[in-house]
Amino acid sequence: MKREELADLTVFLAVAEQGSFTRAAAHLGISQSAVSHTMRRLEASLGFRLLNRNSRSVSTTEMGDKLLASLRPNLGQIENRIEELRSLRGTPSGLVRITTSATAARTILWPVIRDLVRDYPDIQIEVNTNPALSDLAEGRFDCALRLAEGVPPDMIAVPVTGPLQMAAVGSPAYFAARGVPLHPRDLDGHACLNMRFGPNAPIYDWEFEKAGETLVRKVNGPFTFNDADFCVQAAREGYGIAFVGLPEVQPDLDTGKLQRVLADWCDPFEGFHLCYSSRRQMSSAFRLLVDRLRHRPT
């Protein structure tokens, strides 16, 4: 492989992960025209198209997907080792402030940051679990961990999970007493455990999708929470149906404490991204956090 092709593959990986030439350019610190030129050169060299382009987005072709599957683990390991070696020139230190949901903090962020501060004791991590989508600049946060749909368009977004699914769950005793909903419309006759993501935010509408058909349901029930853990606890105790991320309730489904319904109406959707401003200067501590989240085991 030619040396320039290896550099070009790094640009391709950035475009594929960012889903945009503009965001890839900001991520790499080069111009958008340089990214476009690099991709044309790489595709000409390989003899096949890697990207589908339109006015709004960029996606990988079938050949691009196959190349990406090989590139991600190998280039990721190389980048990770290089960053670790760079850090040996000095001791990474400083405070990194992150805003996210309590669920994402517990299931995604905590396994990464606990190892990071163990390896680099001079790094400090502050985690804010306000369920509202806090403004990074206003809250003086360095970054946010958010679902793809909640990432502002002007932010750099690094995928840190694969696709996710929602799950409607309740206790076996609840369904024995109230019946099992077979369609989202059946929820009108059930007690549903609501969520509100912020003190002034509207109650979250439950969104279902099946074979391209989308249904949005306003549900009612005895409780409204701002933390999914409370919804799950109430569902375990038979107070109604909770609608939360599947990973949050998988252990209870495995043990039979909870029962899943409407699974065929819960298509996968794009998962969590770490997002941050393209204008921020990356400290060594923040760079290490981004790198470890990007290459976290899944």
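Here are some notes:
- Yes/no for Asn194 being assigned by TED's automatic domain parsing to the domain that holds Ala242 and surrounded by fewer than 17 Cβ atoms within 10 Å (Cβ to Cβ): no
- Exactly one residue out of Gly19, Gly94, Gly29, Gly47 is loosely packed, with under 12 Cβ neighbours inside 10 Å, under 23 Å from Cys275 (Cβ atoms) and at pLDDT 75 or above, and it is Gly29.
- Selection status of Leu9, within 15 Å of Val158 (Cα to Cα), in contact with a helix residue (DSSP H, G or I) (Cβ under 9 Å, 6 or more places away or on another chain), hydrophobic (A, V, I, L, M, F, W, C) and not assigned by TED's automatic domain parsing to the domain that holds Tyr276: no
- Filter pass, Ser87 being at pLDDT below 80, within 30 Å of Pro121 (Cα to Cα) and either surrounded by 14 or more Cβ atoms within 10 Å (Cβ to Cβ) or under 24 Å from the mean Cα position of the chain (by Cα) (or both): yes
- When region 264-277 is filtered for residues that are surrounded by fewer than 15 Cβ atoms within 10 Å (Cβ to Cβ) and modelled with pLDDT of 95 or more, only Asp264 remains.
Yes/no per residue for (1) closer than 16 Å to Val244 by Cβ; (2) of a type in the set (Asp, Glu):
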| position | (1), (2) |
| --- | --- |
| Leu95 | no, no |
| Thr100 | yes, no |
| Asp115 | no, yes |
| Arg118 | no, no |
| Ala144 | no, no |
| Leu147 | yes, no |
| Ala167 | yes, no |
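- Leu109 being under 19 Å from the mean Cα position of the chain (by Cα), assigned by TED's automatic domain parsing to the domain that holds Ser284, at pLDDT below 80 and not small (Gly, Ala, Ser): no
- Of all residues in region 142-162, none satisfies being part of a strand (DSSP E or B), within 24 Å of the chain's Cα centre (by Cα) and closer than 18 Å to Val261 by Cβ.
- Complete set of residues in region 197-213 that are loosely packed, with under 15 Cβ neighbours inside 10 Å and closer than 25 Å to Ala104 by Cα: Gly198, Pro199, Asn200, Ala201, Pro202, Ile203, Asp205
Conditions tested, residue by residue: (1) under 30 Å from Leu187 (Cβ atoms); (2) out of contact with any helix residue (DSSP H, G or I) (no Cβ under 9 Å at 6 or more places or on another chain).
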site	(1), (2)
Phe269	yes, no
His273	yes, no
Ser277	no, no
Ser283	no, yes
Phe286	no, yes
Leu289	no, no
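- Each residue in region 22-56 was checked for being of a type in the set (Ser, Thr, Tyr) and more than 28 Å from Pro152 (Cβ to Cβ), and 1 pass.
- All positions within region 175-194 that are without any contact (Cβ under 8 Å) to a residue 60 or more places away in the chain and either assigned to a strand (DSSP E or B) or not aliphatic (A, V, I, L, M) (or both): Arg178, Gly179, Arg185, Asp186, Asp188, Gly189, His190, Cys192, Asn194
- Residue check, Ala34 at pLDDT 85 or above, in a helix (DSSP H, G or I) and of a type in the set (Gly, Ala, Ser): yes
- Total residues in region 235-269, condition touching a Pro at 6+ places or on another chain (Cβ under 9 Å) and either under 22 Å from Trp110 (Cβ atoms) or not in a loop (DSSP other than H, G, I, E, B) (or both): 5
- Among the residues of region 197-208, those that are free of Cβ contacts under 8 Å to residues at least 60 places away in the same chain and within 23 Å of the chain's Cα centre (by Cα) comprise Pro202, Ile203, Tyr204, Asp205, Trp206, Glu207, Phe208.
- Summed over region 195-214, the residues that are aliphatic (A, V, I, L, M) and not in a strand (DSSP E or B) give a count of 2.
- The residues listed here are Ala144, Ala157, Ala148; of these, the one that is touching a His at 6+ places or on another chain (Cβ under 6 Å), modelled with pLDDT of 80 or more and under 15 Å from Val290 (Cα atoms) is Ala157.
The values are calculated or read from the model by the stated rules, or taken from the named source; none is laboratory data. Predicted model only: the values in this text are computed from it and were never measured. Virtual Cβ from ideal backbone geometry, glycine too; neighbours counted across all protein chains shown.
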